[in-house]
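Read the structure below first, then the notes.
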Amino acid sequence: MDRTYLNRKGIGKILQIIFFALVVKPLVFIILGLNIRGKNNLPGKGPAVIAANHNSHLDTMVLMSLYPLKKLYKIRPVAAADYFLSSPMRAWFALNIIGIIPLERKRRVAKKELFSGCHDALNNDDILIIFPEGSRGQPEQISAIKKGLFHIVNERTDTQITPILMHGLGRALPRGEALLVPFNCDVVIGNLLTKPETADDFVSQLESTYQELKKYCITIKH
């Protein structure tokens with residue numbers, strides 16, 4: 001069991017519930033407002049992976065807010081260690097309140113070591129939030145999809161992937177901005193992805209799935 005999960009026992013779990021109940025959920029559902037489609041497709045238990053596009057720091061908060069407070073500790077966002085562990089205060093908040101699995105994306109290590117925290121969480125029946133683009137792109141644009149998620153699930157027969165497309169959050173809180181602008185936002189939850197045979201197949205399938213889910217976004221002019 002990884003250090004991150006151990007840090008989240010006890011008071012960290014209580015503080016997480018308080019933070020989401022008093023701050024995040026009111027912000028997401030009252031100030032922002034979400035158009036949610038396909039909520040029945042949201043994985044209810046792990047091991048599972050949510051594969052979502054990434055335009056804003058709000059993305060993680062919105063995805064976690066889709067779950068009841070009592071389940072939050074089982075939802076584990078995978079996030080860049082070089083950013084979220086860059087200061088003691090940010091690291092404490094990210095590890096204990098958000099419950100991230102830090103990923104050392106700038107250090108050259110074997111895939112087994114790189115994704116060990118992800119496998120520990122999946123073995124613990126957690127639900128991972130992974131952004132296959134790797135980092136936040138330009139507002140409302142999907143960047144090139146990387147192959148890391150494929151390498152995590154490739155040898156696992158117990159883990160399913162649920163694609164989610166979000167639109168509007170890149171305008172509500174764009175990269176580099178600190179001021180929230182209330183925009184109506186879409187969250188479209190798709191059907192489970194089929195098991196890809198190769199990394200290229202995975203990338204192609206996820207790209208086409210995102211394009212298909214865009215059709216259900218009411219904030220996009222079709």
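When the range 62-105 is filtered for residues that are in contact (Cβ under 8 Å) with a residue 40 or more places away in the chain, aliphatic (A, V, I, L, M) and over 14 Å from Leu128 (Cβ atoms), the ones remaining, listed by number, are Val62, Leu66, Leu69, Ala80, Leu95, Ile97. What do you reckon, is Pro26 surrounded by 11 or more Cβ atoms within 10 Å (Cβ to Cβ), farther than 15 Å from Leu63 by Cα and either modelled with pLDDT under 95 or touching a helix residue (DSSP H, G or I) at 6+ places or on another chain (Cβ under 7 Å) (or both)? So Pro26 does not fit the description; no. Would a scan of the range 40-52 turn up a residue that is among the charged types (D, E, K, R) and surrounded by fewer than 17 Cβ atoms within 10 Å (Cβ to Cβ)? Within the range 40-52, one or more residues are among the charged types (D, E, K, R) and surrounded by fewer than 17 Cβ atoms within 10 Å (Cβ to Cβ). The set of residues in the range 200-221 that are of a type in the set (Phe, Trp, Tyr) and over 15 Å from Ile130 (Cβ atoms) contains only Tyr216. Restricting the search to the range 116-168, which residues are within 13 Å of Glu207 (Cα to Cα) and not aromatic (Phe, Trp, Tyr)? Of everything in the range 116-168, those that are within 13 Å of Glu207 (Cα to Cα) and not aromatic (Phe, Trp, Tyr) turn out to be Pro132, Glu133, Gln141, Ile142, Ser143, Ala144, Ile145, Lys146, Lys147, Pro163, Ile164, Leu165. If you scan the range 157-209, which residues turn out to be modelled with pLDDT of 85 or more, loosely packed, with under 15 Cβ neighbours inside 10 Å and among the aliphatic types (A, V, I, L, M)? Within the range 157-209, Leu192 is the sole residue that qualifies.
Being under 25 Å from Glu155 (Cα atoms) and crowded, with 20+ Cβ neighbours inside 10 Å is the requirement here; does Leu103 meet it? Yes. What residue, among those in the range 106-118 that are in contact (Cβ under 8 Å) with a residue 24 or more places away in the chain and surrounded by fewer than 17 Cβ atoms within 10 Å (Cβ to Cβ), is farthest from Leu15 (Cα to Cα)? Per the criteria, the residue is Lys111.
Yes/no per residue for (1) surrounded by fewer than 18 Cβ atoms within 10 Å (Cβ to Cβ); (2) modelled with pLDDT of 90 or more; (3) out of contact with any strand residue (DSSP E or B) (no Cβ under 9 Å at 6 or more places or on another chain):
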| residue | (1), (2), (3) |
| --- | --- |
| Asp59 | no, yes, no |
| Leu69 | yes, yes, yes |
| Leu72 | no, yes, yes |
| Ala79 | no, yes, no |
| Pro88 | yes, yes, yes |
| Trp92 | yes, yes, yes |
| Gly99 | no, yes, no |
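The values are calculated or read from the model by the stated rules, or taken from the named source; none is laboratory data. Keep in mind that this is a model prediction, so the values were computed, not measured. Using ideal geometry, Cβ is built from the backbone for each residue, glycine included, and neighbour counts are taken over all protein chains shown.
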